[in-house]
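Below is one structure, written out as structure tokens; the observations come after it.
The values are calculated or read from the model by the stated rules, or taken from the named source; none is laboratory data. Keep in mind that this is a model prediction, so the values were computed, not measured. Cβ placement follows ideal geometry from the backbone for every residue including glycine, while neighbour counts extend to all protein chains displayed.
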Amino acid sequence: MSDILIQLIWNGLVTGSLIALVALGLTLIYGIAHFIQFAHGEMVAIGAYTFMVFHKLSAWPIVPAALASIFITIVIGILLEKLFFKPVREHDPLIPLVIAIGLSIGIQALILIIFGPNILTISDHSYESYSFLDGALLATPSQILAFVFAVVLMIGLHLFLKKTKRGKAIRAISSNRSIGKTFGLSTDKSMMWVFGIGSLLTAIAGIFLGFEQNLEPLMGVQISVKAFSAVILGAIGSVRGAIFGSFLIGLAESLLVGLGIVASGFTAGIPFVILILMLLIRPEGLFGKRFVSLRQ
């Protein structure tokens, strides 16, 4: 029983780390743009599918394929902000929200048209699992790299927001856009950075998700629902809340299904149940107070 529990905890941590990458992007965008970027999950799918094109169809090595995929996803993310969200930046937040929903549906349709409805895989190779703790824990290379990358990126994002000039500018714009402009801070640059960083995180999440599961047009929706639940769970606008909520959802899914408490067919419903309970019991989230800005 203890061996199974160790394996389930590891699986939950890997899942939670990938959810956290997406949730952090949602938190950054919401913190500065003040709307939920519903097309954020589709950036995960773009990262996964472009990586598949470079790595599997074009036979590029993993690293160049990953770099190309990340670059394309970042460019698309920044272009979406410039073309669709910047023109309505000063309008009612409901307008960019509706635009984001439309973009989400549109990107799903494009993926469906280009790649079809069939389930695809990134790699045809099987990777040997490493054994730890006298065989109690098995981990694939992609799982280990996913967890390590995610943790490094979380720490890096925290340091970026806390220590760098650009990070402090983003936090200032998030707190009060008008005052930030008074001090000469550029909202356009902050938006570009936030959407770029968010797209970077989703691209990496998409690449590792592609190794862990199959690719399908709706894969972005599935991870974005979990990420959105994690953001609400931790507290909207809180970076550490998004991370904590992500790992909690990842562990809950792994343990509840792995221990037989919840049937595997109901896995997709676990984030919704957690989200509903949190909204009923503590709508401001575990970390908090009512949202005012991008918090640490």
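When residues in the stretch 71-126 are screened for being surrounded by fewer than 17 Cβ atoms within 10 Å (Cβ to Cβ), aromatic (F, W, Y) and under 20 Å from the mean Cα position of the chain (by Cα), 1 of them pass.
Considering each of F208, F195 in turn, give the residue that is of a type in the set (A, V, I, L, M, F, W, C), modelled with pLDDT of 90 or more, in contact with a Gly (Cβ under 6 Å, 6 or more places away or on another chain) and closer than 22 Å to L28 by Cβ.
Details: F208 fails: in contact with a Gly (Cβ under 6 Å, 6 or more places away or on another chain).
After applying the criteria, what remains is F195.
Of all the criteria given as (1) among the small types (G, A, S); (2) at pLDDT 90 or above; (3) more than 22 Å from F38 (Cα to Cα), the one not satisfied by A169 is (2). Is it the case that some residue within the stretch 131-147 is of a type in the set (F, W, Y), at pLDDT below 90 and surrounded by fewer than 13 Cβ atoms within 10 Å (Cβ to Cβ)? No, every residue in the stretch 131-147 fails to be of a type in the set (F, W, Y), at pLDDT below 90 and surrounded by fewer than 13 Cβ atoms within 10 Å (Cβ to Cβ).
Inside the stretch 29-48, can you point out the residues that are of a type in the set (F, W, Y) and either at pLDDT 95 or above or within 18 Å of G196 (Cβ to Cβ) (or both)? Walk me through it before giving the result.
Initially, the stretch 29-48 is screened for residues of a type in the set (F, W, Y), giving 30, 35, 38.
Residues satisfying the conditions are Y30, F35.
Condition first: touching a residue at least 12 places away in the same chain (Cβ under 8 Å), within 30 Å of L8 (Cα to Cα) and not charged (D, E, K, R). Can you find one or more residues in the stretch 155-173 that meet it? Yes, that holds for at least one residue.
Applying the condition of being within 14 Å of the chain's Cα centre (by Cα) and among the hydroxyl-bearing types (S, T, Y) to the stretch 198-248 and asking which residue is surrounded by the fewest Cβ atoms within 10 Å (Cβ to Cβ) yields S229.
In this structure, is L18 hydrophobic (A, V, I, L, M, F, W, C) and crowded, with 22+ Cβ neighbours inside 10 Å? Walk me through it before giving the result.
Numbers: hydrophobic (A, V, I, L, M, F, W, C): yes; crowded, with 22+ Cβ neighbours inside 10 Å: yes.
Yes, satisfied.
Filtered by the rule that a residue be part of a helix (DSSP H, G or I) and surrounded by fewer than 16 Cβ atoms within 10 Å (Cβ to Cβ), the stretch 161-172 gives K162, K163, K165, R166, K168. Taken together, A39, A68 contain a single residue that is more than 14 Å from the chain's Cα centre (by Cα) and farther than 19 Å from F147 by Cβ, which is A68.
Here is a check on your reading of the model: is G184 over 16 Å from the mean Cα position of the chain (by Cα), exposed (fewer than 14 other Cβ atoms within 10 Å of the Cβ), of a type in the set (G, A, S) and not in a helix (DSSP H, G or I)? When the stated conditions are applied, G184 passes them.
For the stretch 249-283, which positions are assigned to a loop (DSSP other than H, G, I, E, B) and surrounded by fewer than 16 Cβ atoms within 10 Å (Cβ to Cβ)? Selection gives L259, G260, I261, A263, R282, P283. Taking only pairs six or more apart or across chains, which ones have beta-carbon atoms under 7 Å, a first residue in the stretch 218-232 that is in contact (Cβ under 8 Å) with a residue 24 or more places away in the chain and outside any helix (DSSP H, G or I), and a second residue that is among the polar types (S, T, N, Q) and surrounded by fewer than 24 Cβ atoms within 10 Å (Cβ to Cβ)? Matching pairs, first to second residue: L218/Q108.
Considering the stretch 110-149 alone, what residues qualify as being among the aliphatic types (A, V, I, L, M) and part of a helix (DSSP H, G or I)? Can you show your working first?
At the first step, the residues of the stretch 110-149 found to be among the aliphatic types (A, V, I, L, M) are 110-114, 119-120, 122, 133, 136-139, 144-146, 148.
Of everything in the stretch 110-149, those that are among the aliphatic types (A, V, I, L, M) and part of a helix (DSSP H, G or I) turn out to be L110, I111, L112, I113, I114, I144, L145, A146, V148.
Among the residues of the stretch 13-35, is there at least one that is within 18 Å of the chain's Cα centre (by Cα), closer than 30 Å to S186 by Cα and part of a loop (DSSP other than H, G, I, E, B)? There is at least one residue in the stretch 13-35 that is within 18 Å of the chain's Cα centre (by Cα), closer than 30 Å to S186 by Cα and part of a loop (DSSP other than H, G, I, E, B). Cβ-Cβ contacts under 7 Å between residues 6 or more apart (or on different chains), taken from a first residue in the stretch 256-277 that is hydroxyl-bearing (S, T, Y) to a second residue that is surrounded by 12 or more Cβ atoms within 10 Å (Cβ to Cβ), are listed as S264/V257; T267/E253; T267/V257.
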